[in-house]
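The values are calculated or read from the model by the stated rules, or taken from the named source; none is laboratory data. If you're wondering where the values come from, they're calculated on a predicted model, not measured in any experiment. Cβ atoms come from the backbone with ideal geometry, glycine included; neighbour counts cover every protein chain shown.
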Amino acid sequence: MISLAELQRRIDSGELSADAAITQSIETIDTDDKTIGAFVCRTENPRSQSAGPLRGIAVGIKDIIETSDLPTAMGSKIYRGFRPRADAPVVAMLKQAGATIAGKTTTTAFASVDPTPTLNPCHHGHTPGGSSSGSAAAVAAGMIPLALGTQTGGSVIRPASFCGVAAIKPSFRLLPTVGVKCFSWTLDTVGLFAAGVEDLAQGLSAMTGRAELTLGAAIETPRIGVVTQDFAGAPEEAGAEALRIATRAAERAGATVRALSLPDIVGEAWRIHPCLQDFEAHRALAWEYRTHHADLPPLLRGRLDESVGIVPADYDAARSTANRARKALAKIFDAVDVLLTFSAPGAAPKGLASTGDPRFNRLWTLMGVPCVNIPAYVADGGLPVGVQVIARFGDDAGALKAARFVEGALARH
């Protein structure tokens, strides 16, 4: 993989030109994407910008995020060839920071559940996850140092776990979702993929102009609460082993680690996530569902058909439950700095029929809190499995710092 932070250091020192860094990424895409299939379209003759903290950094953009100079097909034949007139704000933020857009990465249709043909770079016989399939795969394959994805259930953290890369789903609305095809306005969140935690921090800081997100030399020792989300069912052995390994490594590195139980209302919030998501999806995709029903991919079409009967009273009750759960969760962070839990049930499923199960992700998306995936374990077949560090809403800097601590502890132990 390509470290964004290392590229920045080499460019700043004059060891590597920004143009040469872009060329390296493009040449790798030319060679490797013929097999992986992470990109749906590419920028013609991309060039480095002359200034900005992300100059020389090639970025992939998930193809539900609008770009003015590339089509945005949203993984669906309904929007094939669609050309927005303007960049989504998150794309503009990248360009303003000096990044170069390498191309659009594959997404499941409308960021839902119908798989893409993208292969997992760690094992081509397994899914890279979804819905941000191409973004995770492109970073994992070493094509690009940074990519944008989105998460409504588990579409950033889960593919990051499956592909063995770092990723952050930031606090809700830290990154704007204007110009991103909506599935659920309460849940949709733009996130980042990169090689490591420092790379995420550098990329997110450059995009947002928030210096507090960069990681200093000192590594603080966090108070960690380990949660197993029993209401979501048992993990597979690989998922359980990843959490055990990360927990032991953090303890050996000096962190205060203890098991925590989540309040009942938080478990209830996990249960109502699909009600809230699907009610909003029917409104966000109302035109597509009404006028292009037959053109919707089969899994998404079936999901919308099954959830058509959700009534406003159920949606209102779900929103109320979510609000109460967020307040209960906030109190937990009075006793710990971060939570540590599963990023996925286990390693990436075999084949491309499924993008995996988001059951260990969807609660945290609903809560709006920052989540960072860290690779923790390699299962049979060379398949990576991650864990996620979760912080209080708005404490994205704290999430990144604690994730770097755990990442370093794993590297040592």
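Remarks
- Here the helices (runs of 4 or more DSSP H) wholly within the stretch 1-108 that include at least 2 residues being within 30 Å of SER184 (Cα to Cα) are 89-96.
- Selection of the stretch 296-314 for residues being over 26 Å from the mean Cα position of the chain (by Cα) and surrounded by 13 or more Cβ atoms within 10 Å (Cβ to Cβ) yields ILE310, ASP314.
- Single condition LEU213 does not satisfy, out of (1) over 24 Å from ALA397 (Cβ atoms); (2) crowded, with 16+ Cβ neighbours inside 10 Å: (1)
- Residue check for GLY81: over 30 Å from TYR289 (Cα atoms) and either at pLDDT 95 or above or not charged (D, E, K, R) (or both): no
- Scanning the stretch 374-413 for residues that are at pLDDT 95 or above, more than 22 Å from PRO159 (Cβ to Cβ) and either in a loop (DSSP other than H, G, I, E, B) or touching a Gly at 6+ places or on another chain (Cβ under 7 Å) (or both) turns up ARG392, PHE393, GLY394, ASP395.
- Between THR321, THR355, the distinction of being more than 26 Å from ALA201 (Cα to Cα), within 14 Å of the chain's Cα centre (by Cα) and either crowded, with 24+ Cβ neighbours inside 10 Å or touching a residue at least 24 places away in the same chain (Cβ under 8 Å) (or both) belongs to THR355 only.
- Taking the numbered list (1) more than 20 Å from LEU200 (Cα to Cα); (2) in contact with a strand residue (DSSP E or B) (Cβ under 6 Å, 6 or more places away or on another chain) in turn, GLU27 passes all entries but (2).
- Set side by side, the residues SER135, SER171 differ, and just one is more than 13 Å from VAL90 (Cβ to Cβ) and in contact (Cβ under 8 Å) with a residue 40 or more places away in the chain, which is SER171.
- Residue, nearest to the chain's Cα centre (by Cα), within the stretch 222-270, restricted to residues that are among the hydroxyl-bearing types (Ser, Thr, Tyr) and either at pLDDT below 95 or exposed (fewer than 14 other Cβ atoms within 10 Å of the Cβ) (or both): SER261
Each row is one residue, and each column tells you yes or no for (1) over 25 Å from ALA111 (Cβ atoms); (2) surrounded by fewer than 16 Cβ atoms within 10 Å (Cβ to Cβ); (3) touching a residue at least 12 places away in the same chain (Cβ under 8 Å).
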| position | (1), (2), (3) |
| --- | --- |
| GLU15 | yes, yes, no |
| THR23 | yes, no, no |
| ILE36 | no, no, yes |
| ASP63 | no, no, yes |
| GLU66 | no, no, yes |
| MET74 | no, no, yes |
